[in-house]
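Quick notes on the structure that follows.
The values are calculated or read from the model by the stated rules, or taken from the named source; none is laboratory data. Computed from a predicted structure; not experimentally measured. Here the Cβ positions follow ideal geometry from the backbone for every residue, glycine too, while neighbour counts run over all protein chains shown. With ligands, DNA and RNA removed, areas are computed over all heavy atoms of the protein, side chains included. Shrake-Rupley method; radii C 1.70, N 1.55, O 1.52, S 1.80 Å.
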Amino acid sequence: MSFLQLVQSRRSVRRFLDKPVDRALILQCVEAARLAPSAENVQPWRFLILDDPQVRQSFCDENFTGLYRVTRWAAQAPVLVALLAEKDLLANRIGKQFTGIHYYLIDMGIGGEHFVLQAAELGLGTCWIGWFSPDKARRTLQLPAKYEIVSLLALGYPSDGAVRPLKRKPQADICRFNSL
């Protein structure tokens with residue numbers, strides 16, 4: 001399939017088959033993310049893979065409660081991926097001081113999207129998860145201070161194989177040339 005077809009077919013998946021994902025496939029997704037570009041090539045990403053059912057369930061029980069209860073659907077995903085940024089990188093700290101832009105967050109988005117597009121090509125479904133408490137997740141995962149948890153990804157085989165068309169704004173609504 002062409003790249004555009006891949007992008008058109010990729011969707012957020014919130015219902016998964018109860019089927020483990022082979023680590024070789026997960027590592028293919030990590031490899032795609034590893035090859036992503038980053039500011040000053042600092043490659044701030046780290047991927048903490050939660051594929052042990054007990055570890056994953058414990059994480060979900062701790063983190064998808066209260067205000068974050070709406071994210072409890074992620075507990076059925078066979079794999080959760082914590083996208084971690086190594087914060088203590090000089091290039092990103094200096095860049096932010098001059099521009100006010102958190103370059104590591106852009107880097108994490110690029111690396112994470114490489115991961116989810118590779119997963120789609122492999123027939124796996126993913127969903128970006130931003131609705132969780134980073135502080136609580138940090139404590140649950142016992143992360144060293146140098147890592148910031150930026151996002152989570154649910155990963156697995158979609159329970160519904162049908163590809164639904166994406167609802168997106170037309171190009172004319174989002175694109176202008178040379179002036180707004």
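Consider the stretch 23-38. How many of its residues are out of contact with any Phe, Trp or Tyr (no Cβ under 9 Å at 6 or more places or on another chain), part of a loop (DSSP other than H, G, I, E, B) and open to solvent by less than 90 Å² (accessible area, probe 1.4 Å)?
First, pick out the residues of the stretch 23-38 that are out of contact with any Phe, Trp or Tyr (no Cβ under 9 Å at 6 or more places or on another chain): 23-25, 27-28, 31, 35, 37.
Restricting the remaining residues to those that are part of a loop (DSSP other than H, G, I, E, B) gives 35, 37.
Filter once more, so that each one left must be open to solvent by less than 90 Å² (accessible area, probe 1.4 Å): 37.
Of the residues in the stretch 23-38, 1 are out of contact with any Phe, Trp or Tyr (no Cβ under 9 Å at 6 or more places or on another chain), part of a loop (DSSP other than H, G, I, E, B) and open to solvent by less than 90 Å² (accessible area, probe 1.4 Å).
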Out of the residues in the stretch 43-67 meeting the condition of being out of contact with any strand residue (DSSP E or B) (no Cβ under 7 Å at 6 or more places or on another chain) and surrounded by 17 or more Cβ atoms within 10 Å (Cβ to Cβ), tell me which one is farthest from ALA82 (Cα to Cα). GLN43
The conditions are (1) surrounded by 15 or more Cβ atoms within 10 Å (Cβ to Cβ); (2) touching a residue at least 40 places away in the same chain (Cβ under 8 Å); (3) over 26 Å from LYS19 (Cα atoms), and LYS146 fails exactly one of them. Which is it? (1)
Name the pairs: first residue in the stretch 35-55 and over 14 Å from LEU152 (Cβ atoms), second residue in a strand (DSSP E or B), Cβ to Cβ under 6 Å, at least 6 apart or on different chains? PRO44/ALA85; PRO44/GLU86
